[in-house]
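For reference, the structure discussed in these notes is given below.
The values are calculated or read from the model by the stated rules, or taken from the named source; none is laboratory data. All values derive from a computational prediction rather than experimental measurement. The accessibility values were calculated without ligands, DNA or RNA, using every heavy atom of the protein model including side chains. Shrake-Rupley method; radii C 1.70, N 1.55, O 1.52, S 1.80 Å.
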Amino acid sequence: YQEEIQELNEVARHRPRSTLVMSIQQENRQIRELQQENKELRTSLEEHQSALELIMSKYREQMFRLLMASKKDDPSIIMKLKEQHSEV
């Protein structure tokens, strides 16, 4: 027990209890702020990923239509493109 008390005192650098409590409260406040920021960033990332998926889906659809329009003469290419599009 004495060893643990001594170790805690060394870590606290013999600061008064009130100073330690204030320091812990400040750290807790900072941690809560960082957690909130992390939550907001995660939400923002999910929204951006969703938007990007939608954009890429529309892009693939447009490219598929463009290729189908330009390759009307070759049915094997059209079938291959349809298969790729349905896999995606």
Which percent of the accessible area of region 1-63 is formed by carbon and sulfur heavy atoms (probe 1.4 angstrom)? 52 percent
At a probe radius of 1.4 Å, what is the per-residue accessible area of Met22, in Å² to the nearest 10? 130 Å²
From the square roots a ≥ b ≥ c of the eigenvalues of the alpha-carbon gyration tensor of region 1-63, which class results: rounded (a/c under 1.5), prolate (a/b over b/c), or oblate? prolate
Tell me which aspartates and glutamates have Cα within less than 12 Å of Lys82's Cα, excluding those fewer than 8 residues away on the same chain? Glu61
